Amino acid sequence: MAGKHVLAVGQLGPIHLKDTKADAVDRMIALLRSAAGKGAEWIVFPELALTTFFPRYIYDTPADYDRFYEENLPSAAMKPLFDEALRLGVGFYLGFAEKIVEDGETKRYNTSVLVEGTGGIIGKYRKVHLPGTIEPVKKANFEHLEKRYFDVGNLGFNTFASPIGKIGMCICNDRRWPETFRVMALQGAEIFMLGYNTPTLNIHHHEPAHLREFHHRLSLESAAYQNGAWVLSAAKCGAEDGFAMIGGSSIVAPTGETVVRASGEDDEVIAYECDLDLGTYIRKSVFDFARHRRIEHYGLITSTTGVLDSDE
Ligand code: CDT
């Protein structure tokens, strides 16, 4: 796809435990309208955008945590957002917790969906790189229990044709892994979309707050440049019931430059006129895969998970 498209990111400030899904959807509808007012054709919303980031809490039974999940697409909670996007003709990316029965077994995924401006669902993604633990680590007054509440995504990294170009999706922690983006770039991705909930404090490893933000930015800028694609990232951020998460929602050009960045930690729309030809230029020059990749030397990437002969 060639040419310019105004694309937007709808950052969400905190969603507290007491807030309803209807509250969250009302806020996203306001962001959607604001994006449409800026001429945007598409808007990216955060990961798990309908609720608070519930994997920070310890729940023991589905009866305690099932209220955070959606069982249909669109679910009743999401439907007003779908309706308004259709009315405005704006496409969107939305992250949510998905509960589904597959082969007679109940599965739960950290999922995102792509909906185009004519209302059709054009793609779905289920998070592959789930961070955190199954059991609480009790290192702070919150946890990161995504491995407890979600199954590993089973849809792979795909790309989806859309009126604004070929879109690849991922979710939060996926952005730290270069394989995520390269697999989608090899399918012709021109735009990467992702949402995130990144706690300011890393409870697993020492990572000062300034590095938390830097690593987020570094991951997106390198993904954009090394794959010649635009990156749109949407945070849910600020302090949810006192638990802080980073902001920094951004749009990154295929040159690796962040061209626009959210200024605060509350609901905010950022938008930019994205020139897809810029990505084509990068993909036809320094990152012309067909001319320069040397796959005979990359075998370990898919044949080995950890470091060979490692004592660790
Ligand atoms: N939501 C999510 O994936 N957050 C992770 C936190 C990792 S630290 C346990 C992230 O990569 O931002």
Inset, instruction - Would you confirm whether any residue within region 13-34 is surrounded by 24 or more Cβ atoms within 10 Å (Cβ to Cβ), at negative phi and among the acidic types (Asp, Glu)? - result: no
Inset, instruction - Residue by residue through region 184-201, note down the ones that are out of contact with any Phe, Trp or Tyr (no Cβ under 9 Å at 6 or more places or on another chain) and within 13 Å of the ligand (Cβ to nearest atom). - result: Tyr196, Thr198
Legend entry - Residue selected from region 240-263 under the condition over 18 Å from the mean Cα position of the chain (by Cα) and in contact (Cβ under 8 Å) with a residue 60 or more places away in the chain, by the criterion farthest from Arg175 (Cα to Cα): Asp241
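Report yes if some residue within region 47-56 is among the acidic types (Asp, Glu) and within 16 Å of the chain's Cα centre (by Cα); otherwise report no. Talk me through it step by step, then tell me what you get.
If we filter region 47-56 for residues that are among the acidic types (Asp, Glu), which is where we start, we get 47.
Next, only the ones that are within 16 Å of the chain's Cα centre (by Cα) stay: 47.
Yes.
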Inset, instruction - Would you please list the contacts, defined by Cβ atoms under 7 Å and residues six or more apart or on different chains, that run from a residue in region 143-171 that is among the small types (Gly, Ala, Ser) to a residue that is away from the ligand (no atom under 16 Å from the Cβ) and not in a strand (DSSP E or B)? - result: Ser162/Glu116; Gly165/Met1; Gly165/Glu190; Gly165/Leu276; Gly168/Met184; Gly168/Ala189
Legend entry - Extreme residue, farthest from the chain's Cα centre (by Cα), among residues of region 110-149 that are within 13 Å of the ligand (Cβ to nearest atom), among the hydrophobic types (A, V, I, L, M, F, W, C) and buried (at least 18 other Cβ atoms within 10 Å of the Cβ): Phe142
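Looking at Asp83, is it surrounded by fewer than 16 Cβ atoms within 10 Å (Cβ to Cβ), over 30 Å from Pro163 (Cα atoms) and not aliphatic (A, V, I, L, M)?
On the way: surrounded by fewer than 16 Cβ atoms within 10 Å (Cβ to Cβ): yes; over 30 Å from Pro163 (Cα atoms): no; not aliphatic (A, V, I, L, M): yes.
Criteria not met by Asp83.
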Legend entry - Residues of region 242-280 satisfying the condition of being assigned to a loop (DSSP other than H, G, I, E, B), in contact with a helix residue (DSSP H, G or I) (Cβ under 9 Å, 6 or more places away or on another chain) and more than 18 Å from Thr159 (Cβ to Cβ): Ile246, Gly247, Gly248, Ala253, Thr255, Gly256, Glu257, Asp267
Legend entry - Residue list for region 85-122, filter: of a type in the set (D, E, K, R), in contact with a strand residue (DSSP E or B) (Cβ under 9 Å, 6 or more places away or on another chain) and over 16 Å from Tyr69 (Cα atoms): Glu116
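Take the residues in region 202-231 that are more than 22 Å from Glu257 (Cβ to Cβ) and near the ligand (Cβ under 9 Å from one of its atoms), then tell me which one is nearest to the chain's Cα centre (by Cα). Walk me through how you get there before you give the answer.
Looking only at region 202-231, we keep the residues that are more than 22 Å from Glu257 (Cβ to Cβ), and these are 202-209.
Next cut, near the ligand (Cβ under 9 Å from one of its atoms) only: 202-205, 207.
Working: Asn202: 19, Ile203: 21, His204: 21, His205: 22, Glu207: 21 Å.
Here the residue is Asn202.
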Legend entry - helices (runs of 4 or more DSSP H) lying entirely in region 9-102 (those with 2 or more residues that are closer than 20 Å to Asp241 by Cβ and touching a Leu at 6+ places or on another chain (Cβ under 8 Å)): 21-37
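Only the coordinates and a few stated rules stand behind these numbers; no lab work does. Source: prediction; values computed, not measured. Because the Cβ atoms are built from the backbone with ideal geometry, glycine has one as well, and the counts that use them run over all protein chains shown.
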